[in-house]
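Notes follow once the structure below has been shown.
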């Protein structure tokens with residue numbers, strides 16, 4: 001189901017910079033560095049790269065941060081983190097991909113909010129959602145989700 005893009009995943013990310021567009025579908029070519037446990041995004045195909053595609057939409061902002069809704073079209077290693085970093089939209093707390101400081105709990109402000117698919121046997125739609133963790137910033141943005 002994943003390879004046929006029959007599973008739809010929605011993520012939310014809190015980033016420090018406003019993205020270049022309110023809504024956009026972006027494609028990059030990711031190269032995974034296993035030693036660093038990190039992926040690097042390129043604008044053009046390079047050796048050992050895999051195409052990565054997602055759609056983001058700016059949902060709201062606070063005085064310092066922006067909330068993005070993200071739909072994945074491919075599922076690559078650290079795809080959201082790498083692609084947003086390429087746009088200079090660093091996820092709050094994500095030191096590995098360019099945010100300047102960590103969150104107190106060591107986590108990052110990236111949340112897998114929902115997954116939707118058709119049940120393979122019953123052929124009924126299945127939708128599973130998960131509220132973001134309790135956190136002042138997530139609580140502020142949750143009303144916009």
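The values are calculated or read from the model by the stated rules, or taken from the named source; none is laboratory data. A quick note: this is a predicted structure, and the numbers were derived from the prediction, not measured. We place every Cβ from the backbone using ideal geometry, glycine too, and count neighbours over all the protein chains shown.
Residue by residue, here is whether (1) closer than 16 Å to residue 86 by Cα; (2) touching a residue at least 12 places away in the same chain (Cβ under 8 Å); (3) assigned to a strand (DSSP E or B) holds:
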residue: 12; (1), (2), (3): no, yes, yes
residue: 17; (1), (2), (3): yes, yes, no
residue: 25; (1), (2), (3): yes, yes, yes
residue: 48; (1), (2), (3): no, yes, no
residue: 52; (1), (2), (3): yes, yes, yes
residue: 55; (1), (2), (3): yes, yes, yes
residue: 60; (1), (2), (3): no, yes, yes
residue: 64; (1), (2), (3): no, yes, no
residue: 67; (1), (2), (3): no, yes, yes
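Going through 114, 88 one at a time, which residue ends up being farther than 19 Å from residue 37 by Cα, at pLDDT 95 or above and part of a loop (DSSP other than H, G, I, E, B)? Reasoning before the result, please.
On the way: 114 fails: part of a loop (DSSP other than H, G, I, E, B).
Result of the check over 114, 88: 88.
Only one of these conditions is not met by residue 119: (1) surrounded by fewer than 14 Cβ atoms within 10 Å (Cβ to Cβ); (2) more than 13 Å from residue 11 (Cα to Cα); (3) modelled with pLDDT of 95 or more. Which number is it?
Checking residue 119 against (1) surrounded by fewer than 14 Cβ atoms within 10 Å (Cβ to Cβ); (2) more than 13 Å from residue 11 (Cα to Cα); (3) modelled with pLDDT of 95 or more, the one that fails is (3).
Can residue 31 be described as farther than 19 Å from residue 75 by Cα, surrounded by 12 or more Cβ atoms within 10 Å (Cβ to Cβ) and either in contact with a strand residue (DSSP E or B) (Cβ under 8 Å, 6 or more places away or on another chain) or in contact (Cβ under 8 Å) with a residue 24 or more places away in the chain (or both)? Break it down stepwise before answering.
Details: farther than 19 Å from residue 75 by Cα: no; surrounded by 12 or more Cβ atoms within 10 Å (Cβ to Cβ): yes; either in contact with a strand residue (DSSP E or B) (Cβ under 8 Å, 6 or more places away or on another chain) or in contact (Cβ under 8 Å) with a residue 24 or more places away in the chain (or both): yes.
No; evaluated as a whole, the condition is false for this residue.
Failed condition for residue 131, given (1) part of a loop (DSSP other than H, G, I, E, B); (2) at pLDDT below 95, with all others met?
Of (1) part of a loop (DSSP other than H, G, I, E, B); (2) at pLDDT below 95, only one is false for residue 131: (2).
Kindly indicate whether any position in region 44-54 is at pLDDT below 95, farther than 20 Å from residue 142 by Cα and either under 12 Å from the mean Cα position of the chain (by Cα) or surrounded by 12 or more Cβ atoms within 10 Å (Cβ to Cβ) (or both). It would help to see each step written out before you state the result.
Of the residues in region 44-54, the ones at pLDDT below 95 are none.
The answer is no; no qualifying residue exists.
Is it the case that some residue within region 81-97 is crowded, with 17+ Cβ neighbours inside 10 Å, touching a helix residue (DSSP H, G or I) at 6+ places or on another chain (Cβ under 9 Å) and without any contact (Cβ under 8 Å) to a residue 24 or more places away in the chain?
There is at least one residue in region 81-97 that is crowded, with 17+ Cβ neighbours inside 10 Å, touching a helix residue (DSSP H, G or I) at 6+ places or on another chain (Cβ under 9 Å) and without any contact (Cβ under 8 Å) to a residue 24 or more places away in the chain.
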